[in-house]
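Written out below as structure tokens is the structure these notes cover.
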């Protein structure tokens with residue numbers, strides 16, 4: 001119930017967007033079953049939105065600790081390269097090695113932030129700038145293609161009619177959200193985000209927790225990298241996950257999570273990712289030139305910034321309060337005339 | 001020596017050391033041709049990094065500059081193609097537009113009290129989107145005045161070309177140094193980087209300064225866009241993707257503290273040249289692959305940040321004792 005109230009603005013935005021797109025493209029909400037698979041624009045959004053959705057799950061946790069992870073896009077490239085490399089070398093285990101690479105990337109970032117004490121934005125910038133070089137080192141500057149049915153499943157497979165990428169990010173989001181809210185982990189992360197020193201004094205092991213959220217972000221990036229690599233059945237060190245870190249951060253912000261840390265909602269972030277993907281796909285379906293995409297995104301961010309601004313918060317409160325007073329007065333007046 | 005100068009000294013020392021290593025392997029690296037090319041090839045980056053230095057000194061960040069450079073190039077190319085305006089008039093118009101754009105972002109950051117990261121992220125989308133809306137193709141610039149600008153250079157001894165855009169970059173760094181270290185505005189920027197509450201108590205007009213900082217960054221991005229359009233003789237909306245991060249890296253390698261409040265504009269120039277030198281070395285070597293540039297720049301970044309951390313610890317320990 002509380003969760004539903006928390007994500008109401010995101011749900012409303014999503015519904016409004018869907019209605020708007022349907023206006024221009026009437027078949028938007030149609031879902032058909034073809035060869036035992038669900039097919040339709042909505043399934044496409046769920047599938048295409050998988051990388052950003054996965055990244056947003058990890059990014060939410062990082063941002064909740066007052067951090068930021070700029071390296072997730074390059075981590076996607078590295079993990080994708082590792083997966084493709086291990087398959088072409090005949091080792092198999094592509095997925096496991098990719099996850100391991102994601103954990104290593106997260107450990108690196110986490111150590112720099114939590115132990116060395118570097119600002120998150122700079123600490124993760126290091127891996128962001130050098131990471132694509134590392135990915136190119138793995139692929140030797142080529143696009144490594146492979147054919148491996150097990151791996152390709154994560155890109156184009158389907159289970160019970162639902163595309164595998166959609167399933168993967170849905171399950172990840174639910175699992176992480178349950179882990180956070182059914183245990184005290186979520187609250188501890190919020191405590192670290194609000195005030196690291198105070199939470200450390202209160203007995204929270206802030207250092208380990210901080211490293212853990214970056215590892216979680218690395219793991220999510222690895223999953224996203226696997227999806228992106230499996231989708232094209234090849235690892236493209238230059239373009240895999242390019243600028244997706246910004247989309248992921250945007251998804252978290254659209255989800256109403258503060259960049260200043262503290263309370264977070266994974267459900268809202270995931271909805272944010274869906275909103276971004278709906279805008280992307282919707283603009284194409286509605287027949288607008290895709291050049292408008294970025295301008296619309298910018299407008300969206302601006303609206304959200306105005307809604308979230310701490311400086312304007314008391315204005316909103318005053319407006320709501322005034323409306324309430326007016327309503328009460330009207331009711332009072334109605335009563336008097338009734339009498 | 002003043003401990004505040006340590007990061008700058010370290011930056012210069014590393015740059016000179018790197019150059020000595022390069023020259024020992026390839027004596028030709030000492031020639032004025034290489035120096036001239038180093039300045040020309042990195043002119044647009046140097047200019048935009050000056051703006052970024054001021055923003056970072058104030059404790060902020062500007063993610064929009066790469067998109068603004070691309071927008072500038074497209075704007076110039078389309079204006080020259082579709083209107084009869086002289087390039088100089090177009091330049092003036094462009095600088096007004098980009099400065100106003102920066103000022104608007106600064107105003108939003110201040111009035112909404114939102115992190116610069118997310119406001120300038122929106123600016124990044126907007127500028128890139130505006131460039132797309134002007135054109136999605138690469139538009140060549142074909143104007144007699146551009147040929148003049150392109151061919152303007154001073155032939156240094158040893159046949160190295162000191163091009164106009166290289167000189168513009170050096171002059172911009174000079175202006176940036178004066179603005180940051182010798183004016184009241186510069187002092188306000190440093191104060192803001194030290195802490196907003198303290199700056200306000202000291203009498204700094206926080207709102208006005210924030211607007212001016214981002215307007216300055218926008219101006220530099222516009223100038224950088226002009227230089228980039230002279231360098232490439234075209235406007236392309238997909239150009240200079242990720243330049244903002246290269247500029248941030250140059251600022252950090254140049255010894256400026258990313259938390260704000262400490263640093264030097266001159267260090268940024270050295271940071272840009274160090275990154276250019278690595279690229280030149282890789283070109284000279286011929287066997288190293290381009291991806292090593294990225295890895296080495298990442299390692300340099302790490303080295304400088306650790307160095308700054310260590311210095312900060314040393315100086316605070318001394319202050320405490």
Q. Quick one: is residue B:295 surrounded by fewer than 22 Cβ atoms within 10 Å (Cβ to Cβ), touching a helix residue (DSSP H, G or I) at 6+ places or on another chain (Cβ under 7 Å) and part of a helix (DSSP H, G or I)?
A. yes
Q: Scan the stretch B:17-30 and give yes if some residue there is modelled with pLDDT under 95, assigned to a helix (DSSP H, G or I) and surrounded by 22 or more Cβ atoms within 10 Å (Cβ to Cβ), otherwise no.
A: no
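Every residue, every condition in (1) touching a residue at least 24 places away in the same chain (Cβ under 8 Å); (2) more than 7 Å from chain A (Cβ to nearest Cβ); (3) closer than 16 Å to residue B:214 by Cβ, yes or no:
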position	(1), (2), (3)
B:91	yes, yes, no
B:116	yes, yes, yes
B:121	yes, no, yes
B:124	yes, yes, yes
B:128	yes, no, no
B:136	yes, no, no
Q: Just give me the residues in the stretch B:217-245 being under 15 Å from residue B:63 (Cα atoms), crowded, with 21+ Cβ neighbours inside 10 Å and within 14 Å of chain A (Cβ to nearest Cβ), in sequence order.
A: B:240, B:243, B:244
Q: Confirm whether residue A:97 is without any contact (Cβ under 8 Å) to a residue 24 or more places away in the chain, surrounded by fewer than 21 Cβ atoms within 10 Å (Cβ to Cβ) and over 30 Å from residue A:206 (Cα atoms).
A: no
Q) Of the residues B:180, B:197, B:187, B:191, which single one is in a helix (DSSP H, G or I) and modelled with pLDDT under 90? A) B:197
**Q.** Test for residue A:64: is it over 17 Å from the mean Cα position of the chain (by Cα) and either surrounded by 24 or more Cβ atoms within 10 Å (Cβ to Cβ) or under 18 Å from residue A:241 (Cα atoms) (or both)
**A.** no
Q.
Which of the numbered conditions does residue B:261 fail, given that it passes all the others? Conditions: (1) within 14 Å of chain A (Cβ to nearest Cβ); (2) over 20 Å from residue B:185 (Cβ atoms); (3) modelled with pLDDT under 90.
A. (2)
**Q.** Where residue A:84 falls short, out of the listed (1) in a helix (DSSP H, G or I); (2) within 14 Å of chain B (Cβ to nearest Cβ)
**A.** (2)
(Q) I'd like to check something: does the stretch A:262-285 contain any residue that is over 26 Å from residue B:111 (Cβ atoms), out of contact with any strand residue (DSSP E or B) (no Cβ under 7 Å at 6 or more places or on another chain) and loosely packed, with under 12 Cβ neighbours inside 10 Å? (A) no
Q) Any idea which of A:171, A:179, A:188, A:210 is assigned to a helix (DSSP H, G or I), in contact with a helix residue (DSSP H, G or I) (Cβ under 8 Å, 6 or more places away or on another chain), assigned by TED's automatic domain parsing to the domain that holds residue A:32 and exposed (fewer than 14 other Cβ atoms within 10 Å of the Cβ)? A) A:179
**Q.** Odd one out for residue B:261 among (1) part of a loop (DSSP other than H, G, I, E, B); (2) at negative phi
**A.** (2)
Q) Among the residues of the stretch A:121-148 satisfying the criterion of being facing chain B (nearest Cβ under 9 Å) and outside any helix (DSSP H, G or I), which is modelled with the lowest pLDDT? A) A:141
Q: Please report, ordered by residue number, the helices (runs of 4 or more DSSP H) entirely within the stretch A:239-339 with at least 2 residues that are closer than 25 Å to residue A:222 by Cα.
A: A:244-254, A:266-285
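From A:218, A:256, which residue is within 14 Å of chain B (Cβ to nearest Cβ) and under 13 Å from residue A:60 (Cα atoms)? Explain how you work it out, then say what you get.
Values: A:218 fails: within 14 Å of chain B (Cβ to nearest Cβ).
The conditions single out A:256.
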Q: Could you grab the pairs with beta carbons closer than 7 Å, sequence gap of 6+ or different chains, first residue in the stretch A:281-294 and touching a residue at least 40 places away in the same chain (Cβ under 8 Å), second one assigned to a helix (DSSP H, G or I) and exposed (fewer than 15 other Cβ atoms within 10 Å of the Cβ)?
A: A:286/A:24; A:287/A:24
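How many residues, within the stretch B:276-295, are at the interface with another protein chain (Cβ under 10 Å from one of its Cβ atoms) and touching a residue at least 12 places away in the same chain (Cβ under 8 Å)?
The total comes to 1.
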Q) What is the one condition in (1) outside any loop (DSSP other than H, G, I, E, B); (2) closer than 22 Å to residue A:112 by Cβ that residue A:204 does not satisfy? A) (1)
Q) Taking the stated definitions as given, is residue B:35 free of Cβ contacts under 8 Å to residues at least 12 places away in the same chain, assigned to a helix (DSSP H, G or I) and more than 30 Å from residue B:200 (Cα to Cα)? A) no
Q | Extreme residue, modelled with the highest pLDDT, among residues of the stretch A:300-339 that are surrounded by 15 or more Cβ atoms within 10 Å (Cβ to Cβ) and more than 8 Å from chain B (Cβ to nearest Cβ) | A | A:300
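The values are calculated or read from the model by the stated rules, or taken from the named source; none is laboratory data. Quick caveat, the model's predicted, so the values are computed rather than measured. For neighbour counting, all protein chains shown are included, and Cβ atoms are generated from backbone atoms with ideal geometry for every residue, glycine included.
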